[in-house]
Amino acid sequence: MGYEGFSGNESILYHHHSPCRIHEVGGFHELARGEWTPDTHVHRLASLNDVQAGGDPLAGRRLLMFNCDLEVWLAKPTASLEGFYRNGEGDEVLYIHRGGGTLQTVFGRVPFREKDYVVIPRGTTHSYELEPGVDQFWLCFHTPGELELPARYRNRYGQLLEHAPYCQRDFRPPEELESWDEDGEYALTVRVRGGLQEYVLDRHPFDVVGWDGCLYPYAFNIADFEPIVKRTHAPPPVHQTFEGPNFVICSFCPRPLDFDPEAVPIPYNHHNVDSDEMMFYVAGDYSARKGSGVGIGSITLHPSGFTHGPQPGAVEAAIRGLEEGRASTDETAVMIDTFRPLLLGPASQPAEDPEYAWSWARAARS
(Lines give C-alpha, C1' and ligand atoms only; values in the text may rest on other atoms or scores of the structure.)
Protein backbone atom coordinates (compact mmCIF):
# COMPACT_ATOMS: atom_id res chain seq x y z
CA MET A 1 0.00 0.00 0.00
CA GLY A 2 1.76 3.17 -1.13
CA TYR A 3 1.76 6.58 -2.77
CA GLU A 4 3.06 7.55 -6.21
CA GLY A 5 2.95 4.04 -7.61
CA PHE A 6 5.96 2.36 -6.05
CA SER A 7 7.98 5.54 -5.46
CA GLY A 8 6.37 7.21 -2.41
CA ASN A 9 5.87 6.28 1.22
CA GLU A 10 4.53 2.76 1.59
CA SER A 11 3.74 -0.04 3.99
CA ILE A 12 3.60 -3.80 3.45
CA LEU A 13 0.69 -5.63 5.09
CA TYR A 14 0.67 -9.41 5.60
CA HIS A 15 -2.84 -10.91 5.23
CA HIS A 16 -4.30 -14.30 6.10
CA HIS A 17 -6.16 -14.28 2.77
CA SER A 18 -6.22 -12.32 -0.47
CA PRO A 19 -7.34 -8.72 0.16
CA CYS A 20 -8.61 -8.60 -3.46
CA ARG A 21 -11.67 -10.79 -2.90
CA ILE A 22 -15.22 -9.45 -2.67
CA HIS A 23 -18.53 -11.25 -2.11
CA GLU A 24 -21.16 -8.84 -3.41
CA VAL A 25 -21.17 -5.50 -5.22
CA GLY A 26 -23.82 -3.08 -3.99
CA GLY A 27 -24.95 0.29 -5.23
CA PHE A 28 -22.94 3.36 -6.16
CA HIS A 29 -24.16 6.61 -4.65
CA GLU A 30 -22.93 9.92 -6.00
CA LEU A 31 -21.54 12.15 -3.27
CA ALA A 32 -23.73 15.20 -3.87
CA ARG A 33 -21.81 18.04 -2.27
CA GLY A 34 -24.25 20.84 -3.06
CA GLU A 35 -23.32 24.51 -2.87
CA TRP A 36 -24.71 27.56 -1.14
CA THR A 37 -24.04 30.66 -3.23
CA PRO A 38 -24.68 33.85 -1.20
CA ASP A 39 -25.64 37.10 -2.86
CA THR A 40 -22.58 38.89 -1.47
CA HIS A 41 -18.86 38.27 -1.01
CA VAL A 42 -18.01 39.23 2.59
CA HIS A 43 -16.33 38.01 5.77
CA ARG A 44 -18.40 35.21 7.28
CA LEU A 45 -19.06 33.74 10.74
CA ALA A 46 -21.00 30.61 11.63
CA SER A 47 -21.63 29.04 15.02
CA LEU A 48 -21.59 25.27 14.79
CA ASN A 49 -22.69 24.68 18.38
CA ASP A 50 -26.41 24.46 17.62
CA VAL A 51 -26.06 22.11 14.64
CA GLN A 52 -28.00 18.99 15.58
CA ALA A 53 -26.04 15.82 16.34
CA GLY A 54 -26.85 12.58 14.60
CA GLY A 55 -25.76 9.80 12.31
CA ASP A 56 -22.55 7.83 12.27
CA PRO A 57 -19.02 9.15 11.55
CA LEU A 58 -19.60 8.82 7.79
CA ALA A 59 -23.30 9.35 7.03
CA GLY A 60 -23.58 12.12 9.62
CA ARG A 61 -21.08 14.46 7.91
CA ARG A 62 -22.33 17.88 6.75
CA LEU A 63 -20.41 19.87 4.16
CA LEU A 64 -19.26 23.34 5.31
CA MET A 65 -16.94 24.46 2.49
CA PHE A 66 -14.84 23.00 -0.30
CA ASN A 67 -12.77 23.48 -3.43
CA CYS A 68 -10.93 21.06 -5.72
CA ASP A 69 -8.10 20.64 -3.17
CA LEU A 70 -9.98 20.36 0.11
CA GLU A 71 -13.35 19.57 1.68
CA VAL A 72 -14.35 20.65 5.21
CA TRP A 73 -17.14 18.63 6.84
CA LEU A 74 -18.80 18.86 10.25
CA ALA A 75 -19.67 15.65 12.10
CA LYS A 76 -21.46 15.16 15.41
CA PRO A 77 -21.93 11.38 15.34
CA THR A 78 -24.19 9.66 17.84
CA ALA A 79 -23.59 6.09 16.66
CA SER A 80 -20.54 4.04 15.81
CA LEU A 81 -20.04 3.08 12.17
CA GLU A 82 -21.70 -0.20 11.20
CA GLY A 83 -19.33 -1.92 8.84
CA PHE A 84 -16.12 -0.50 7.40
CA TYR A 85 -15.02 2.51 5.35
CA ARG A 86 -12.13 3.19 3.01
CA ASN A 87 -11.40 6.48 1.27
CA GLY A 88 -10.04 5.47 -2.10
CA GLU A 89 -9.57 8.97 -3.51
CA GLY A 90 -8.10 11.09 -0.72
CA ASP A 91 -6.40 11.47 2.63
CA GLU A 92 -8.48 12.47 5.65
CA VAL A 93 -7.70 14.24 8.89
CA LEU A 94 -10.24 14.60 11.67
CA TYR A 95 -10.03 17.30 14.32
CA ILE A 96 -11.77 16.07 17.47
CA HIS A 97 -13.13 19.25 19.06
CA ARG A 98 -15.06 17.17 21.58
CA GLY A 99 -15.40 13.45 22.03
CA GLY A 100 -13.26 10.37 21.88
CA GLY A 101 -13.13 6.75 20.90
CA THR A 102 -11.04 4.38 18.84
CA LEU A 103 -10.21 4.37 15.15
CA GLN A 104 -10.18 0.67 14.29
CA THR A 105 -7.97 0.07 11.25
CA VAL A 106 -6.32 -2.65 9.24
CA PHE A 107 -3.07 -1.43 10.86
CA GLY A 108 -4.47 -1.70 14.40
CA ARG A 109 -6.25 0.49 16.93
CA VAL A 110 -5.68 4.25 17.20
CA PRO A 111 -7.39 5.66 20.32
CA PHE A 112 -8.35 9.33 19.99
CA ARG A 113 -9.45 12.00 22.44
CA GLU A 114 -10.49 15.62 22.63
CA LYS A 115 -8.28 18.03 20.63
CA ASP A 116 -6.65 15.24 18.61
CA TYR A 117 -5.88 15.38 14.93
CA VAL A 118 -6.49 11.88 13.50
CA VAL A 119 -4.69 11.35 10.18
CA ILE A 120 -6.03 8.57 7.94
CA PRO A 121 -4.10 7.88 4.71
CA ARG A 122 -6.14 6.97 1.64
CA GLY A 123 -6.70 3.27 1.19
CA THR A 124 -6.88 2.60 4.94
CA THR A 125 -9.80 0.31 5.73
CA HIS A 126 -11.22 1.45 9.05
CA SER A 127 -14.21 1.81 11.35
CA TYR A 128 -15.04 3.85 14.45
CA GLU A 129 -15.84 2.86 18.01
CA LEU A 130 -17.22 5.90 19.87
CA GLU A 131 -16.73 6.39 23.58
CA PRO A 132 -20.15 5.74 25.14
CA GLY A 133 -22.10 8.69 26.52
CA VAL A 134 -19.63 11.29 25.21
CA ASP A 135 -20.65 14.28 23.08
CA GLN A 136 -18.87 14.13 19.71
CA PHE A 137 -18.02 17.26 17.69
CA TRP A 138 -15.52 16.84 14.84
CA LEU A 139 -14.22 18.67 11.81
CA CYS A 140 -13.38 16.31 8.95
CA PHE A 141 -10.96 17.34 6.19
CA HIS A 142 -10.62 15.45 2.91
CA THR A 143 -7.98 16.12 0.25
CA PRO A 144 -7.44 14.32 -3.04
CA GLY A 145 -3.76 15.15 -2.59
CA GLU A 146 -1.30 13.85 -0.02
CA LEU A 147 -1.38 15.26 3.50
CA GLU A 148 2.18 15.80 4.74
CA LEU A 149 4.24 17.39 7.47
CA PRO A 150 5.81 20.63 6.15
CA ALA A 151 9.07 20.01 4.31
CA ARG A 152 10.85 22.79 6.22
CA TYR A 153 10.44 20.79 9.45
CA ARG A 154 12.25 17.73 8.03
CA ASN A 155 15.77 16.86 6.99
CA ARG A 156 16.57 15.30 3.62
CA TYR A 157 15.83 11.82 5.03
CA GLY A 158 12.39 12.84 6.30
CA GLN A 159 13.19 12.94 10.02
CA LEU A 160 11.85 15.89 11.98
CA LEU A 161 14.41 18.56 12.76
CA GLU A 162 14.95 19.75 16.31
CA HIS A 163 13.52 23.20 15.58
CA ALA A 164 10.19 21.70 14.41
CA PRO A 165 7.18 22.49 16.63
CA TYR A 166 6.68 18.78 17.37
CA CYS A 167 8.77 15.62 17.47
CA GLN A 168 8.35 11.96 16.55
CA ARG A 169 7.15 10.90 20.00
CA ASP A 170 4.16 13.28 19.74
CA PHE A 171 2.62 11.19 16.95
CA ARG A 172 0.70 8.16 18.19
CA PRO A 173 0.71 5.26 15.69
CA PRO A 174 -1.58 2.21 15.92
CA GLU A 175 -0.94 0.67 19.30
CA GLU A 176 -2.59 -2.73 19.03
CA LEU A 177 -2.98 -4.96 15.97
CA GLU A 178 -6.24 -6.90 15.91
CA SER A 179 -6.09 -9.83 13.51
CA TRP A 180 -9.38 -11.53 12.55
CA ASP A 181 -9.40 -14.75 10.53
CA GLU A 182 -13.17 -15.06 10.20
CA ASP A 183 -15.75 -15.83 7.53
CA GLY A 184 -19.00 -13.88 7.37
CA GLU A 185 -20.60 -10.92 5.65
CA TYR A 186 -18.91 -7.57 6.22
CA ALA A 187 -20.18 -4.32 4.71
CA LEU A 188 -17.53 -2.03 3.21
CA THR A 189 -18.10 1.47 1.81
CA VAL A 190 -15.39 2.84 -0.48
CA ARG A 191 -15.21 6.46 -1.59
CA VAL A 192 -14.21 6.45 -5.29
CA ARG A 193 -14.89 8.54 -8.40
CA GLY A 194 -16.84 11.19 -6.54
CA GLY A 195 -19.18 8.74 -4.84
CA LEU A 196 -19.61 5.90 -2.36
CA GLN A 197 -19.47 2.31 -3.62
CA GLU A 198 -20.99 -0.39 -1.41
CA TYR A 199 -19.51 -3.89 -1.16
CA VAL A 200 -19.97 -6.99 0.95
CA LEU A 201 -16.86 -8.98 1.87
CA ASP A 202 -16.89 -12.67 2.83
CA ARG A 203 -13.87 -12.28 5.11
CA HIS A 204 -13.21 -9.86 7.93
CA PRO A 205 -11.06 -7.07 6.40
CA PHE A 206 -8.82 -6.90 9.49
CA ASP A 207 -7.03 -10.17 8.70
CA VAL A 208 -3.55 -8.62 8.81
CA VAL A 209 -1.07 -10.51 11.00
CA GLY A 210 1.68 -7.90 10.72
CA TRP A 211 2.86 -4.86 8.80
CA ASP A 212 5.86 -2.60 8.41
CA GLY A 213 6.60 0.64 6.62
CA CYS A 214 6.15 4.40 6.72
CA LEU A 215 2.47 4.76 5.78
CA TYR A 216 -0.11 4.33 8.55
CA PRO A 217 -2.79 6.25 10.47
CA TYR A 218 -1.88 8.18 13.58
CA ALA A 219 -3.15 10.71 16.12
CA PHE A 220 -1.55 13.96 17.27
CA ASN A 221 -2.93 16.23 19.98
CA ILE A 222 -2.97 19.97 19.35
CA ALA A 223 -1.71 20.51 22.92
CA ASP A 224 1.57 18.86 21.87
CA PHE A 225 2.21 21.54 19.24
CA GLU A 226 5.06 23.77 20.51
CA PRO A 227 4.52 27.37 19.31
CA ILE A 228 7.39 29.25 17.71
CA VAL A 229 7.76 32.63 19.46
CA LYS A 230 9.40 35.87 18.33
CA ARG A 231 10.07 39.21 20.02
CA THR A 232 7.37 40.73 17.80
CA HIS A 233 4.24 39.18 16.33
CA ALA A 234 4.97 36.13 14.16
CA PRO A 235 2.86 35.56 11.02
CA PRO A 236 0.60 32.50 10.62
CA PRO A 237 3.14 30.23 8.84
CA VAL A 238 4.86 29.63 12.21
CA HIS A 239 1.70 27.78 13.28
CA GLN A 240 1.70 25.41 10.30
CA THR A 241 1.04 21.80 11.26
CA PHE A 242 0.19 19.98 8.00
CA GLU A 243 0.25 20.80 4.32
CA GLY A 244 -1.55 19.53 1.25
CA PRO A 245 -1.86 20.67 -2.36
CA ASN A 246 -2.66 24.39 -2.30
CA PHE A 247 -3.57 24.51 1.41
CA VAL A 248 -2.09 24.36 4.90
CA ILE A 249 -3.53 23.43 8.32
CA CYS A 250 -2.27 25.50 11.25
CA SER A 251 -2.56 25.15 15.04
CA PHE A 252 -2.83 28.29 17.16
CA CYS A 253 -1.90 27.31 20.72
CA PRO A 254 -1.23 29.09 24.05
CA ARG A 255 2.16 30.77 23.93
CA PRO A 256 4.21 33.58 25.50
CA LEU A 257 3.25 37.00 24.24
CA ASP A 258 5.61 39.03 22.07
CA PHE A 259 8.25 40.34 24.46
CA ASP A 260 9.90 43.25 22.67
CA PRO A 261 9.27 46.43 24.72
CA GLU A 262 7.73 48.09 21.64
CA ALA A 263 5.68 45.06 20.53
CA VAL A 264 1.92 45.20 20.07
CA PRO A 265 0.98 41.63 21.07
CA ILE A 266 -1.87 41.01 18.65
CA PRO A 267 -2.18 40.10 14.96
CA TYR A 268 -1.78 43.01 12.57
CA ASN A 269 -4.24 43.74 9.76
CA HIS A 270 -3.41 41.68 6.70
CA HIS A 271 -4.76 41.48 3.18
CA ASN A 272 -5.63 38.10 1.69
CA VAL A 273 -4.41 38.66 -1.84
CA ASP A 274 -4.52 35.06 -3.03
CA SER A 275 -5.83 32.90 -0.19
CA ASP A 276 -8.97 32.16 1.81
CA GLU A 277 -8.59 31.80 5.58
CA MET A 278 -10.87 29.57 7.64
CA MET A 279 -10.52 29.65 11.44
CA PHE A 280 -12.20 27.28 13.90
CA TYR A 281 -12.17 28.55 17.49
CA VAL A 282 -11.34 25.75 19.93
CA ALA A 283 -10.64 27.23 23.36
CA GLY A 284 -9.56 30.32 25.27
CA ASP A 285 -10.27 34.03 24.99
CA TYR A 286 -9.78 35.40 21.48
CA SER A 287 -8.98 39.03 22.28
CA ALA A 288 -8.59 40.01 18.62
CA ARG A 289 -12.23 39.06 17.96
CA LYS A 290 -13.86 40.84 20.93
CA GLY A 291 -17.30 42.21 20.18
CA SER A 292 -17.69 40.30 16.90
CA GLY A 293 -19.82 37.40 18.09
CA VAL A 294 -17.01 34.87 17.75
CA GLY A 295 -17.02 32.17 20.42
CA ILE A 296 -15.81 28.64 21.03
CA GLY A 297 -17.27 26.34 18.38
CA SER A 298 -17.47 29.17 15.84
CA ILE A 299 -15.91 29.19 12.41
CA THR A 300 -14.90 32.29 10.42
CA LEU A 301 -14.10 32.60 6.74
CA HIS A 302 -12.04 35.58 5.58
CA PRO A 303 -11.98 35.24 1.79
CA SER A 304 -9.47 36.61 -0.68
CA GLY A 305 -9.98 40.17 -1.83
CA PHE A 306 -10.34 41.58 1.69
CA THR A 307 -8.26 43.00 4.50
CA HIS A 308 -9.00 41.59 7.94
CA GLY A 309 -7.54 41.87 11.40
CA PRO A 310 -8.37 42.67 15.02
CA GLN A 311 -11.69 44.20 15.94
CA PRO A 312 -11.63 47.92 16.87
CA GLY A 313 -10.32 48.39 20.39
CA ALA A 314 -8.51 45.03 20.46
CA VAL A 315 -5.06 46.59 20.00
CA GLU A 316 -5.60 48.99 22.88
CA ALA A 317 -6.91 46.16 25.05
CA ALA A 318 -3.86 44.04 24.27
CA ILE A 319 -1.50 46.87 25.28
CA ARG A 320 -3.45 47.34 28.52
CA GLY A 321 -3.07 43.61 29.16
CA LEU A 322 0.71 43.94 28.89
CA GLU A 323 0.67 46.86 31.30
CA GLU A 324 -1.32 44.73 33.72
CA GLY A 325 1.24 41.94 33.53
CA ARG A 326 -0.35 39.57 31.06
CA ALA A 327 2.51 37.48 29.67
CA SER A 328 0.86 34.78 27.56
CA THR A 329 -2.17 33.89 25.45
CA ASP A 330 -4.64 31.14 26.28
CA GLU A 331 -6.11 30.78 22.78
CA THR A 332 -6.42 27.60 20.73
CA ALA A 333 -7.69 27.43 17.15
CA VAL A 334 -7.40 25.39 13.97
CA MET A 335 -6.81 27.43 10.82
CA ILE A 336 -6.83 26.53 7.14
CA ASP A 337 -5.38 28.72 4.41
CA THR A 338 -6.24 27.72 0.86
CA PHE A 339 -4.80 29.08 -2.37
CA ARG A 340 -7.95 28.48 -4.36
CA PRO A 341 -11.27 30.05 -3.34
CA LEU A 342 -13.46 28.08 -0.96
CA LEU A 343 -17.06 27.45 -2.00
CA LEU A 344 -19.70 27.22 0.71
CA GLY A 345 -21.50 23.98 1.43
CA PRO A 346 -25.16 23.69 2.42
CA ALA A 347 -24.36 23.29 6.13
CA SER A 348 -22.88 26.82 6.27
CA GLN A 349 -26.07 28.71 5.48
CA PRO A 350 -28.29 27.91 8.50
CA ALA A 351 -25.39 28.44 10.93
CA GLU A 352 -24.31 31.83 9.58
CA ASP A 353 -24.37 35.09 11.56
CA PRO A 354 -25.00 37.74 8.85
CA GLU A 355 -23.98 40.58 11.19
CA TYR A 356 -20.31 39.54 11.32
CA ALA A 357 -19.35 41.35 8.09
CA TRP A 358 -20.30 44.65 9.75
CA SER A 359 -18.56 44.02 13.08
CA TRP A 360 -15.48 46.19 12.38
CA ALA A 361 -17.55 49.26 11.46
CA ARG A 362 -20.16 48.79 14.20
CA ALA A 363 -17.56 48.16 16.88
CA ALA A 364 -15.75 51.32 15.84
CA ARG A 365 -18.94 53.42 16.03
CA SER A 366 -19.87 52.00 19.43
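The values are calculated or read from the model by the stated rules, or taken from the named source; none is laboratory data. Please read these numbers as outputs of a predicted model, since none were measured by experiment. So basically every Cβ, Gly included, is an ideal-geometry build from the backbone, and we count neighbours across all protein chains shown. Each accessible area value is taken on the protein alone, full model and side chains, heavy atoms only, with ligands, DNA and RNA left out. Shrake-Rupley method; radii C 1.70, N 1.55, O 1.52, S 1.80 Å.
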Review point. So what is the relative contact order of the chain, in percent, for Cα pairs below 8 Å that sit 6 or more residues apart?
Key: 22
Review point. In degrees between 0 and 90, to the nearest 10, how far off the longest principal axis of the chain does helix 314-323 point, with axes built from Cα atoms?
Key: 80
**Study point:** Span from the the stretch 40-83 Cα centroid across to the the stretch 219-262 one, whole angstrom
**Key:** 25
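Give the accessible surface of the chain per residue, rounded to a whole number of Å², with probe radius 1.4 Å and ligands, DNA and RNA excluded. All intermediate terms of the calculation are to be shown ahead of the outcome.
Numbers: 17100 Å² over 366 residues.
The answer is 47 Å² per residue.
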Exercise for review: State, as an integer percentage, the relative contact order of the stretch 69-174 based on alpha-carbon contacts under 8 Å between residues 6 or more apart.
Suggested key: 35
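Ratio of the stretch 230-317's C-alpha Rg to 2.2 N^0.38 Å, to two decimals?
1.12
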Study note, to complete from the structure: With x for Gly and Pro, the residue-by-residue ³J(HN,Hα) of the stretch 331-345, computed from phi through the Karplus equation 6.51 cos²θ - 1.76 cosθ + 1.60 at θ = phi - 60° and given in whole Hz, is 9, 10, 7, 10, 10, 10, 10, 10, 10, 10, x, 8, 8, 9, x
Practice item. Determine the share of the stretch 84-222's accessible area contributed by carbon and sulfur atoms, expressed in whole percent, with a 1.4 angstrom probe. Key: 47
Point to revise | Solvent exposure, largest accessible area first (probe 1.4 Å, DNA, RNA and ligands not counted), of Cys214, Cys250, Cys167 | key: Cys214, Cys167, Cys250
Point to revise | Gained length - Glu262 relative to His17, 0.36 nm times residue gap less alpha-carbon distance | key: 81.5 nm
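Can you tell me, using C-alpha contacts under 8 Å and at least 6 residues apart, the relative contact order of the stretch 119-259 as a whole percent?
On the way: 165 pairs, mean separation 36.9, N = 141.
The value is 26 percent.
Rank by packing, highest mean first: peptides 88-94, 152-158, with packing defined as the count of other Cβ atoms within 10 Å averaged across residues. Show your work: numbers first, answer last.
On the way: 88-94: 19.4, 152-158: 11.0.
My ranking of the peptides, most packed first, is 88-94, 152-158.
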Practice item. Place the peptides 63-71, 233-241 in order of packing, highest mean first, counting for every residue the other Cβ atoms within 10 Å and averaging per peptide. Key: 63-71, 233-241
Study note, to complete from the structure: For the stretch 96-240, inverting the pair-averaged 1/r of distinct alpha-carbon atoms gives a Kirkwood value in Å of 17.6
Review point. Using only the Cα atoms, what convex hull volume per residue in Å³ does the stretch 1-80 have?
Key: 216
Point to revise | Computed over the chain, Cα set: Rg, Dmax in Å | key: 21.6, 70
